[in-house]
Amino acid sequence: MRISLPAVLVAGCTAALLLQPAAPGAAAEPGPQRRVSAGGGSVTSLPLTGVRGLAPRSTRPFELLGAVWDDPERTLAGGAVRVRTRSAVTGAWSGWHELEADAKDGPDARDGRDGPAGGAAHGATAPLWTGPSDGVAVEVVAGPGGLPEGLRIELVDPGQGAAAPSAARVLPAEPPAGPSAEPPAGHPAPRPGIVTRAGWGADESLRDQDFVYTGPVREVFVHHTASATEYACADAPRVIRAIYQYHVQSSGWRDIGYNFLVDRCGTVYEGRAGGVELPVFGAHTLGFNPDSSGVAAIGTFVTDTPPQELVDGITRIAAWKLGLTDQDAAGHTRLVSSSDASRYPKGTEVVFDTVSGHRDAFNTECPGTVLYGRLGDIRTAAALLQGR
């Protein structure tokens, strides 16, 4: 698998600490903790406490990582966490990569953890997809407010996924209505084929077992996963499983944050559980998760061009999802911010294009400049699929 990692964004700093092995006589730091899923995946937690820690070292295999801390209300506050990783394929070390510290994706207050999976949400950086890796080094930049309690690096191995009957792995595409069919009410679009959670190997024991729903979906927010752009499409389920494990086991969310994901071949995947046709409350656009659906393009599209197949996949799922509530994919809708952490203060009414980018609701570059530039094409094509 060819890996194309995001460029390093080096923040200004007041104090940098390369984590080194403990000095002789110092108190021993906590050892790594490993949590294994039924699908064979695992999350290994490496504490970043005090001055102990992570000079370049060998680790258990992993393919995605992120920094996590205890209090979801805390931030790195001007600090940063940078990582280097060692390829398990070539043995080469990467350059330094700064983890994205802003809580761009995330649950709103009513989506807190309350199911049998238990646990509380944590503060976390965005995850970084590294591809098959077996070594890591960490550099911590402390901001003026110091570092949050419980800071740690979480290494995610997606495993082989939970087994599922082949019949449960895909929802087949619905063909467009023929000329002799009775005209449907409103402006529905045909449902694209959708790989189910069983199809990408979700371990359903990880997530909360209850579901939270919002009002009718009136908006689709487009994201990118900030992961490798050039990958074999057969590997997309591994990326999704790793994001799922990071969102649930590391960040403490009830489930994966996105409602749908689309790979470079245009394949659409079910994200958050609860029914693809239902308005499942996601954790993709902080402040505007109500009455919306989040669709994530697997890859990084800041400078890379999204394949046309990926653009077409986003178009199909947006047209279908919005058509269920007769929303014009080329129209506009009004949403009210539910969080001051979004781009708009809580309570602000905002008019969005019905298909918008994450950056329209949050101060972020997501879904990448190049993919964002294709949203107009997506709106036009999705409206045509709706028969408008």
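Would you check if G79 is outside the structural domain of R241 (by TED's automatic domain parsing), in contact with a Cys (Cβ under 9 Å, 6 or more places away or on another chain) and more than 22 Å from W253 (Cβ to Cβ)? When the stated conditions are applied, G79 passes them.
The single residue among T225, T130, T229, T125 that is crowded, with 20+ Cβ neighbours inside 10 Å and without any contact (Cβ under 8 Å) to a residue 60 or more places away in the chain turns out to be T125.
Considering only residues in region 352-378 that are within 13 Å of S342 (Cα to Cα) and not acidic (D, E), the one that is surrounded by the fewest Cβ atoms within 10 Å (Cβ to Cβ) turns out to be N363. Annotation: R264 fulfils all but one of (1) assigned to a loop (DSSP other than H, G, I, E, B); (2) modelled with pLDDT of 95 or more; (3) over 26 Å from A383 (Cβ atoms); the unmet one is (3). Checking G193, G186, G199, G145 one by one, the residue that is surrounded by fewer than 13 Cβ atoms within 10 Å (Cβ to Cβ) and closer than 22 Å to K321 by Cβ is G186 and no other. Tell me, which residue of region 309-332 that is surrounded by fewer than 24 Cβ atoms within 10 Å (Cβ to Cβ) and of a type in the set (G, A, S) is farthest from R191 (Cα to Cα)? The qualifying residue farthest from R191 (Cα to Cα) is G331.
Please specify each residue of region 209-239 satisfying the condition of being more than 21 Å from T303 (Cα to Cα), assigned to a strand (DSSP E or B) and not aromatic (F, W, Y). E219, V220, listed by residue number. Filtering region 69-102 to residues that are buried (at least 19 other Cβ atoms within 10 Å of the Cβ), without any contact (Cβ under 8 Å) to a residue 60 or more places away in the chain and within 20 Å of the chain's Cα centre (by Cα) leaves L99, A101. In region 304-331, the residues that are within 19 Å of C366 (Cα to Cα) reach residues that are small (G, A, S) and in a helix (DSSP H, G or I) with C-beta atoms within less than 6 angstrom, at least six apart or across chains, in these pairs: T315/A381; T315/A382; A318/A382. Might you check whether a residue that is more than 30 Å from P175 (Cα to Cα) and either in a helix (DSSP H, G or I) or among the small types (G, A, S) (or both) occurs anywhere in region 342-353? Checked region 342-353: at least one residue is more than 30 Å from P175 (Cα to Cα) and either in a helix (DSSP H, G or I) or among the small types (G, A, S) (or both). On inspection, R359 does not qualify as of a type in the set (K, R) and in a loop (DSSP other than H, G, I, E, B).
The values are calculated or read from the model by the stated rules, or taken from the named source; none is laboratory data. Quantities reported herein were computed from a predicted structural model and do not represent experimental measurements. We place every Cβ from the backbone using ideal geometry, glycine too, and count neighbours over all the protein chains shown.
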